[in-house]
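Notes follow once the structure below has been shown.
Computed from the coordinates by the stated procedures, all read-outs in this text should not be read as laboratory data. This one's a predicted model, so the numbers in the text were calculated from it and none came from an experiment. Counting neighbours? That spans all protein chains shown, and the Cβs are built from the backbone with ideal geometry, glycine included.
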Amino acid sequence: MAPVGAALWRTLRAHQVYGANTDVGKTIVSTLLVKALSDRGKVGFIKPVSTGSLDDADDRHVERFTASNGNVLTKCLYQFDEPVSPHIAARSKVTPSDSEILNSLYTSLSCWSTSGVKNAVVETAGGVHSPGPNGNSQADLYRPLRLPVIFVADSRLGGISSSISAFESLLLRGYDIDSVLLFRDDYYQNHEYLQSYFTKRNIPLLAFSQPPLRPEGAIMADSRAQDHEVMEAYYTTIAAQSDIGSLLDEIEQRHVYRIKDLDSMSTRAYEAIWYPFTQHQDMQPKDITVIESAHGDFFQTFDANSGAQDGSDAPVLQSTFDGSASWWTQGLGHGNPELALTAAHAAGKYGHVMFAGAVHKPALTLAELLLKSLGNERLQKVFYTDNGSTGMEVAVKMALRAACVRYGWDSSKEEVKILGLKGSYHGDTIGVMDCSEPSTFNKKVEWYRGKGYWFDFPTIGMKHGKWRVSVPEVLIQDLGEGEEFDSLNDIFDLESRAGSALGQRYSNYIKDTLEQLVQEQGVKFGALIMEPVLLGAGGMLFADPLFQRSLADVVRSNPEIFGTASIASQTTTNWSGLPIIFDEVFTGLYRLGRRTSASFLNVDADIAVHAKLLTGGLIPLAVTIASKEIFDSFLSSEKSDALLHGHSYTAHAIGCQVAEVSVTRMIDMENQGHWNGFKRSWKSASNNSAEQGNGIWSQWSADLVQSLSGAECVESVFAIGSVFSITLRDLDGQGGYTSTAAKGLQQKLANGDAAGRFNVHSRVLGNVLYLMASMTSKPEDLKKIEVLLQGALLGWNCHGTAYPPDGGCIWLHSMIDGTSRLKGAYSSASLASEVPSQFNLIILSSDPGINGSALIATNDEEIDIEGVLQPVEGQETPAIFYFDSKTGRLVTTSETSYQERFAYTLYSNYTSSLRFDIASDISGGIYYPKFTVAADGSFSAGSNLTWAWCPDDFDAGNGYYLPGSITLGAIAKGCEAIDGLVAVAASS
C-alpha cells in the first residue's frame, strides 16, 4: 500500500478529537460538533478503533442522536468486543497493522472529500497516549495524517495537569491544536484556568455545561429510552445556548488560512530567501517545493494545482520521499518523538550554556560514547564544532600544526599543502575550500587558492551485471585497464587484493608520485585527507577502497618522503608520514551500513570528523576527534599555541543530548539485527556463496542495481548502506556537476506514481542521481521507490523518449540474474527494430521476488508468443494462458480477437493481475481482474476476483501496470484508491 501522509483538502475540513484522558466526554463533544456542523452541510464521523459492545459504540451514539439528519455519515473502521484498551482487545482478533488503520482512515476521508462531505470528525479512543491495537501510542499512530486537533480537556480534579500534559505531548509531535473544549465544573473551575492558559497560545476554548449523568448498572429498555430523551434535550439546549457557531467559524477560518498560507509560501520565499547551491537567474516560485510537514521518510509537500483549477477536492498534500535524506542528515526519521522529547528535555534543563572551561553531562556522555564505540584506539580527544565544514576546518588546523611541529616547518614562511583525491569536497568555509581541487564549488570564490595535490583514482560501479573497477583514462598506462568482480564483497576483500598485481601498481604509482612532488618539486605536505569509500558532493564517486587503502599505507610506511624528524617514542597510535584525516561527515555512523566508513579500509585515522547522522537528522552538531599525539602538538606555555577555535554554541547541550540518544539508538539497531533482512538479501544475491560474516549490503535491493545496470543510458550504478547512486550517460559527452543528464529522471521521480499518492524529492549532481534511505526506512516503502525508479528509467532511452523511437510501445521490465525475463523485448535500442512494429504493449512484473512472471498484450496475431517467453534458469518452461475478456476465463488457445488476447506465465502460486489492452473497446472503461493461477494452470477466482475500474477516456498512448505483489484486499469501489497503480507514458 502507498505511504499515508498528512490529510488536507481544500473543501473537506477534517479534525481529530483527542482527549486529555479517558472518560472526559469526547463522544459527547463529537456529537455536539457533528450536530452543529450538519447544519452547514454534509458531515462525517469516523471512529477508527472502537472497543466494547456495539450498543455502547461511539459511532452508534453519534448515529442515534443524528438519525433524523440526512447530512450525517457515521463509520467505525475496526471494532473489538472487549471493553478494554485497544491493544488488549485486539489480542482476540486478527489485528490490523498501523499502516492498515491509517490507510483505511485516509481512504474513507478521501472518498468523503469527493462525495460532498464538508466536515469530518475523527474520534480517538481513550487519552492521547492510550495505545492503539498494536500497542503504539495513538499520538504516534495517527501522526502521519497530522489532522488538526480538537482537544477535549479534563474538567475533573487533576484535570488541569492532565490537560496541559496531554496538550504538550501533542505539540511535541507536531500536531496543530485548533480548539479546546471541555465541560464546565463550577467547583474545580478548570475551564477558567485553562481559558487563560490557551488564550496565551492563541487557541480558542469553549466550555459546555455538564451533561446528565449516565445510568449505572444494567440498563433496561425504558431507562435507555429515558436516557436518550435526556441526552437529546441536553444536545438541543447546548446548541441553543453555547457559542459553538462562533467556534466553528474560527475553525473554518483556520482551515482557509492554512490553505492560503501554503498557496502563498513559494512566492513569499522567492521574494525573501537566498537559497543555497541555487542559481536564481531563471528560478521561479513554482520551482520551490513547499514542505508542509514531514514524518518518517516522507515530506508532506503542497500541490498548488490540486483542485485549484477544476474545483475538485483532491488532496493538496502529497507524500514525498525524502530522496536526499535532507542533504544526508536524516537517520531516525522526520518527526521522531524520542529525539524531539530528548531535545525538549535538554532545552528545559540547560537551554544553552557556556562551554569553554566548563562541562555539562550531555557533552561528556557523548564524548565518552564516541571514543568507546568508534573502534579507533588512536582517537582520544573530542573537539565540538557546529557542522561538517567547521569540523573539517578544525581537523586541518590540527593536522597542519602537528606536521609543522614534527618537521620543524614555519608555515608563515613556507606553504604547507594537503594530499587528497580529485572530486573531494570538505565544506563551504574558506579554509577547507582550499583543501579541494578547483571545481564548480570553489573556483569562482575570490579567496580560493587550492593548496594541495589531488590524486585521480579508480572508481567502482556495476554495468551489465558486473562490478567493475574503472580506471581513469589518464591512469591506464600506470594502473592498467581495471578489473571485474562478481560481488562488492570481493572488491572489499582488501587483504587479498593488496597482494595482487593491481594492488602493487597502486602502491608503486602513489609512491612514485609522492617522491616526485616532494623530492623533485619541493612540495611540503601536512596532511592526507580522504572521504572513505564515497566522495559525496563530488558526484557520489565510489572510490576503489584498495586505492584509498594503498594511499594510506604508502604515506604511513614511507615517512622519509615527507621530512626528517626524531620521535621520542613510536607507538601504534602515533601518526607516521602525515596525519591522516578521515572526513566521515557524510559516510560515517551507518550511512554506508557500518558504524564507521574507515572500517571498510581497515585504517584508523589520526583525526576523524563526524556530523550529519550524528544527531539523527534533527539538529546541527559536529565532532572532530583526534589522537593524543595530535592534541599534544598544541601544548605550550603560550596561549597563542593553543587551538584557538570555537563558536558561541560550542557543544550545545541540546545537540549533544540528541546525539547521544541518536548514536545509542543506531548502535542498538545494529546489535539487535535491525538490518539483517537487508543483509540476508544481499548475501543471497552474491555469487560468492562461501562468504561469511558482515558482508557489504544495502537497504536498496541488489536486484534494483542489477536491473538498472543493463539500461542503455546508464554508465554505472551502485548501492551501499543507505545510498543508491546512478550515473547517466550524457549524450553531449559532458559529465560532472554541470551536466543536465539526470534532470529528466529527476523530473519523472518528482511526477510520482499514477495514483498521485506519493512522489520522490531527489537531488542530482550533474549526471548523477542518488537516493538515500534513513536508518529506519521500511522495506515496503523502499520497494515502492524502486518500482517507481525502474518504471521511470527502464522504459526510456537516453533521449527521454519511449521505445521504440516512434512511441509505439509502452513497457516496463526488470531483470533476474542479469538477463531480461522477456528475452529481446526492447531491452536495448538495437533490438527495438527486431520486434514487430505492431507489437503494442509489454508489461513485466518489477517485483524481483516473483520469478518469471510476464504479461503480454499484442495486436499482432502472427507473433510467436511461445518464442518470446523464455523461462528463468532453473525453472520449468512456463505455461501459457490466454484471457478471454468476454467470458472472463483463461483459455489455452488464442481463439479470441486480438483486442482481447493475453499471454500470462507463472512459475509458482501467487495472486496477481491481468491487464486489458488499452486499445480495446470495452464498454465502461478498462478493467483489471485479480485472480490466482496455480502452477498446474488451474484458475481460481470466486470471491477473490475483484475489478478495479479506470475511466474510459484515457489516451491510447497510456498504459497502466499493477504490480503482481500488490494485494488489493477488497473490491475497489467508488472513489477508493488502488495502491500500486503505476502509469507509464508513451511520450516524453
| request: Could you check how many percent of all C-alpha pairs in region 676-794 are farther apart than 20 Å? | output: 44 percent
| Going down the list K612/K683; K35/K75; K26/K118, which pairs span over 23 Å between their C-alpha atoms? | K612/K683
| said: Show me the GluC sites (Glu not before Pro) within region 199-287 that DSSP assigns to loop and that have at most 16 other Cβ atoms within 10 Å of their Cβ. | reply: E216
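For region 227-336, take N as its residue count and report Rg(C-alpha) divided by 2.2 N^0.38 Å.
On the way: Rg = 21.0 Å, N = 110, 2.2 N^0.38 = 13.1 Å.
Taking the Cα Rg and dividing by 2.2 N^0.38 Å, one obtains 1.60.
To make sure I understand, if each residue's beta carbon is the centre and we count other beta carbons within 10 Å, what order do T320, T301, T95, T615 fall in, fewest to most?
On the way: T320 26, T301 23, T95 19, T615 29.
Final ranking by Cβ density, sparse to dense: T95, T301, T320, T615.
So how do 714-721, 177-184 stack up, highest first, on mean other-Cβ count within 10 Å?
Values: 714-721: 23.4, 177-184: 21.9.
Top of the packing list down: 714-721, 177-184.
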| message | Suppose R0 equals 30 Å. What FRET efficiency, 1/(1 + (r/R0)^6) with r the Cβ-Cβ distance, do E520 and W447 give to the nearest 0.05? | response | 0.55
| said: Can you give me the C-alpha center-to-center distance between region 515-541 and region 72-117, rounded to a whole angstrom? | reply: 59 Å
| Relative to a virtual label point 7 Å from the Cα of S412 in the Cα→beta-carbon direction, which members of region 604-643 show backbone nitrogen distances below 18 Å? | 634-643
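Evaluate the relative contact order of region 676-794 (contact order divided by residue number), counting alpha-carbon pairs under 8 angstrom at least 6 apart; express in whole percent.
Values: 181 pairs, mean separation 26.2, N = 119.
That works out to 22 percent.
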| query | Setting aside same-chain residues fewer than 8 positions from K413, which lysines have a Cα under 18 Å from its Cα? | reply | K397, K451, K524
| task | Enter the Cα centre distance for the pair region 756-781 and region 552-608, rounded to the nearest angstrom. | result | 32 Å
| query | With a 10 Å Cβ neighbour count serving as the proxy for reagent exposure, in which order, fewest first, do T114, T66 appear? | reply | T114, T66
| Using θ = phi - 60° and Karplus 6.51 cos²θ - 1.76 cosθ + 1.60, couplings along region 352-357 (whole Hz; Gly, Pro as x) | 10, 10, 4, 10, 4, x
| Per-peptide average of other Cβ atoms within 10 Å, ordering 277-283, 326-332 highest first | 326-332, 277-283
| Residue-count net charge about G721 - beta-carbon cut-off 9 Å; Lys, Arg +1, Asp, Glu -1 | +2
| field | Those residues of region 143-185 whose amide nitrogen sits under 15 Å from the label point placed on H352, 7 Å along Cα→Cβ | value | none
| What is the fewest-to-most order of M231, M666, M354 by other Cβ atoms lying within 10 Å of their Cβ? | M354, M231, M666
| query | With the contact rule set at Cα under 8 Å and sequence spacing of 6 or more, what percent relative contact order holds for region 519-623? | reply | 28 percent
| task | Compare the peptides 46-58, 771-783 by average per-residue count of other Cβ atoms within 10 angstrom and give them in order, highest first. | result | 771-783, 46-58
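Can you give the FRET efficiency to the nearest 0.05 for R184 and T429, using r as the Cβ-Cβ distance and R₀ = 60 Å? Provide the component values of the computation, followed by the final result.
Values: r = 59 Å, r/R0 = 0.99.
Result of the calculation: an efficiency of 0.50.
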